[in-house]
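**Student:** The following block contains the structure, expressed as structure tokens.
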Amino acid sequence: MTAAPPRDTAPPTISRARRASAAALAHPVRTLLVGYAVSRVVVLLALWVAATWFQNPAGVAHLHPTIGDLFGLWDGTWYDRIVHSGYPVPLPVDPTTGRLTYSAWAFYPGFPYLVKPFVALGVPFVVAGTVVNALLGALATVLVWAVLRFGLHAEPQAARERLALVGALLWTLHPATTVLLQPYSEGLAVVLVALCLLLLMQRRYVAVSGVAVLLGLTRAVAPAIGLVVLVHLVVRWREDRAAGRRPLGGQRATVVVMLVVTAVSGLLWPAIAGWSSGIPTAFFQVQAAWGQKPTEGPFVLWLDWAWGTRGAFSVAVLLGCVATYLALVLGRHGRWLPIEIRAWAVAYPLYIVAVVRPITSMWRFLLLDFPVAALVASVALRTSTGAQVVPHWRRRVAVIAVVLAVGVVWWTCAVWVYTPWGSRPP
């Protein structure tokens, strides 16, 4: 008699989970877009909670704040001015000090000028800006996944596709992801940064130059991008020499163009501001009015802030956080990522901490540091040695997703709401 084949004793829920994981990996773009849509529902819930229980009526000029009141706040009001009135010339001056004061020149034109054609067609700015940014956020999610899964200059990793997919999905639940459903520039900035890094790894240097120009009109990240470009070129130079090829053979001219354009992109908007106003340092003076004073020294303001909070203990905590982050990026949890992405993960946070004072806006600035989501995915999925994926990785990812969703609600309720006399700009 032939023995009956052994029955599958795995619990049905586990089998369904495995089938769902396989389907997600088989259709990654669809999975990413569905995940992004779910994250927008979380954001809408967070905005409703914030409007119902946390928004001060004084901030919206009526007694019963609604979720609609929480769209277009903060920087959105400045982008609205730029779309409808452009940039002021001459620049506003403080009548007491005689110095340049707050103005739209502190905000880069990439996002508002992208939205302006829709406003010209009669679409209200808040609606147009929110829809455009939400769509850019969806594109950014796909590009983040594409960058993370790119295996060039990275340690071999059998679970790369799964890590990249989970990392991109976790990025959509960044605590400050509310700004991707607002008329803000974060969506466009992440799209351009991710595209720039992807094109760089593909060695499409002319295309990198074009994206760098757009990035120079959208966000002040040129120094960090420039460092990544140099790291990429050093690695490629060594690879070419080791293979017996002429370093950068056939692309030296385009490399020079890329280097020059990337460097110039960092000065493009300040130069335009100086030329338009007749004041060469206008952009930097306006930034100083907003409180950004990098001339006081890199990292100094953060160290002063930490020391003023809890003295040496706070400084030690700050340095410990930086050291832990660097250890993750440079250690086994980061080695599956391309070296260009790890270079960005180091250069960008250190750059903004060097030049930006301690403000609550740092939360949304760190949306551009999307490799951190890949590090979290690695910690959740892999064993302590990093050799393989743990069997219970789905439960670990689910717990992290819930924690992040709670973080979205917390950030929206604590930071996004507007109180005129106690503002903490997000």
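**Student:** Restricting to segment 275-314, name every residue that is in contact with a helix residue (DSSP H, G or I) (Cβ under 6 Å, 6 or more places away or on another chain), surrounded by fewer than 18 Cβ atoms within 10 Å (Cβ to Cβ) and not in a loop (DSSP other than H, G, I, E, B).
**Tutor:** Scanning segment 275-314 gives Pro294, Trp307, Ser314.
Condition check ((1) at pLDDT 90 or above; (2) among the acidic types (Asp, Glu); (3) surrounded by 14 or more Cβ atoms within 10 Å (Cβ to Cβ); (4) over 26 Å from Arg18 (Cα atoms)) across all residues:
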{"position": "Leu368", "(1), (2), (3), (4)": "yes, no, yes, yes"}
{"position": "Gly386", "(1), (2), (3), (4)": "no, no, yes, no"}
{"position": "Ala405", "(1), (2), (3), (4)": "yes, no, yes, no"}
{"position": "Val409", "(1), (2), (3), (4)": "yes, no, yes, yes"}
{"position": "Val415", "(1), (2), (3), (4)": "yes, no, yes, yes"}
{"position": "Pro426", "(1), (2), (3), (4)": "no, no, yes, yes"}
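**Student:** Looking only at segment 190-215, which residues are over 18 Å from Val256 (Cα atoms) and of a type in the set (Gly, Ala, Ser)?
**Tutor:** Ala194
**Student:** Next question. For segment 325-377, how many residues are under 19 Å from Ser185 (Cα atoms), among the charged types (D, E, K, R) and in a helix (DSSP H, G or I)?
**Tutor:** 1
**Student:** Given the conditions (1) over 24 Å from Ala189 (Cβ atoms); (2) of a type in the set (Gly, Ala, Ser); (3) modelled with pLDDT of 95 or more; (4) in contact with a Ser or Thr (Cβ under 8 Å, 6 or more places away or on another chain), report the number of the one that Ala306 does not fulfil.
**Tutor:** (3)
Per-residue answers, yes or no, for (1) without any contact (Cβ under 8 Å) to a residue 24 or more places away in the chain; (2) basic (Lys, Arg); (3) out of contact with any helix residue (DSSP H, G or I) (no Cβ under 6 Å at 6 or more places or on another chain):
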| residue | (1), (2), (3) |
| --- | --- |
| Ala220 | no, no, yes |
| Val229 | no, no, no |
| Arg246 | yes, yes, yes |
| Val256 | yes, no, yes |
| Leu259 | no, no, yes |
| Ala273 | no, no, no |
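**Student:** Taking Pro247, is it closer than 30 Å to Pro425 by Cβ, surrounded by fewer than 17 Cβ atoms within 10 Å (Cβ to Cβ) and more than 27 Å from the chain's Cα centre (by Cα)?
**Tutor:** For Pro247, the condition - closer than 30 Å to Pro425 by Cβ, surrounded by fewer than 17 Cβ atoms within 10 Å (Cβ to Cβ) and more than 27 Å from the chain's Cα centre (by Cα) - is not met.
**Student:** So, one more: Can you tell me which residue within segment 323-338, out of those that are of a type outside the set (Ser, Thr, Tyr) and without any contact (Cβ under 8 Å) to a residue 24 or more places away in the chain, is farthest from Leu163 (Cα to Cα)?
**Tutor:** Ala323
**Student:** Does Leu248 qualify as being within 22 Å of Arg342 (Cβ to Cβ) and part of a helix (DSSP H, G or I)?
**Tutor:** no
**Student:** Can I ask one more? Tell me whether segment 214-223 contains one or more residues that are of a type outside the set (D, E, K, R), out of contact with any Pro (no Cβ under 8 Å at 6 or more places or on another chain), part of a helix (DSSP H, G or I) and crowded, with 24+ Cβ neighbours inside 10 Å.
**Tutor:** The answer is yes; a qualifying residue exists.
**Student:** Does Ala373 qualify as being surrounded by 16 or more Cβ atoms within 10 Å (Cβ to Cβ), touching a helix residue (DSSP H, G or I) at 6+ places or on another chain (Cβ under 9 Å) and closer than 30 Å to Asn56 by Cα?
**Tutor:** No; evaluated as a whole, the condition is false for this residue.
**Student:** Here is a follow-up. What number of residues within segment 55-85 satisfy the criterion of being in contact with a Pro (Cβ under 9 Å, 6 or more places away or on another chain) and either at positive phi or touching a residue at least 24 places away in the same chain (Cβ under 8 Å) (or both)?
**Tutor:** 15
**Student:** Before we move on, is Val41 of a type outside the set (Phe, Trp, Tyr), closer than 30 Å to Val142 by Cβ, under 26 Å from the mean Cα position of the chain (by Cα) and surrounded by 13 or more Cβ atoms within 10 Å (Cβ to Cβ)?
**Tutor:** When the stated conditions are applied, Val41 does not pass them.
**Student:** Another question, then. Being farther than 30 Å from Met201 by Cβ and either touching a Phe, Trp or Tyr at 6+ places or on another chain (Cβ under 8 Å) or not in a helix (DSSP H, G or I) (or both), is that true of even one residue in segment 159-179?
**Tutor:** The answer is yes; a qualifying residue exists.
**Student:** Which one of Ala23, Ala10, Ala4 is of a type in the set (Gly, Ala, Ser), surrounded by fewer than 15 Cβ atoms within 10 Å (Cβ to Cβ), more than 27 Å from Arg395 (Cα to Cα) and modelled with pLDDT under 95?
**Tutor:** Only one candidate passes the filter, namely Ala4.
**Student:** Only one of Thr101, Thr130, Thr141, Thr97 is surrounded by fewer than 18 Cβ atoms within 10 Å (Cβ to Cβ), touching a residue at least 24 places away in the same chain (Cβ under 8 Å) and among the β-branched types (Val, Ile, Thr); which?
**Tutor:** The conditions single out Thr101.
**Student:** Do you know which residues across segment 184-204 are over 15 Å from the mean Cα position of the chain (by Cα) and surrounded by 24 or more Cβ atoms within 10 Å (Cβ to Cβ)?
**Tutor:** Passing the criteria: only Leu200.
**Student:** Follow-up question, since we're still on this one. Kindly indicate the residue of segment 108-152 that is of a type outside the set (A, V, I, L, M, F, W, C) and not in a helix (DSSP H, G or I) and also farthest from Val221 (Cα to Cα) among those meeting that condition.
**Tutor:** Ranking the qualifying residues of segment 108-152, first place goes to Gly122.
**Student:** Let me ask something else about it. Mind checking whether some residue in segment 209-216 is at pLDDT below 95 and out of contact with any helix residue (DSSP H, G or I) (no Cβ under 6 Å at 6 or more places or on another chain)?
**Tutor:** No, the conditions are met nowhere in segment 209-216.
**Student:** In this structure, does Thr66 turn out to be among the polar types (S, T, N, Q) and at pLDDT below 95?
**Tutor:** No; evaluated as a whole, the condition is false for this residue.
The values are calculated or read from the model by the stated rules, or taken from the named source; none is laboratory data. Values in this document were obtained by computation on a predicted structure and should not be read as measured data. Using ideal geometry, Cβ is built from the backbone for each residue, glycine included, and neighbour counts are taken over all protein chains shown.
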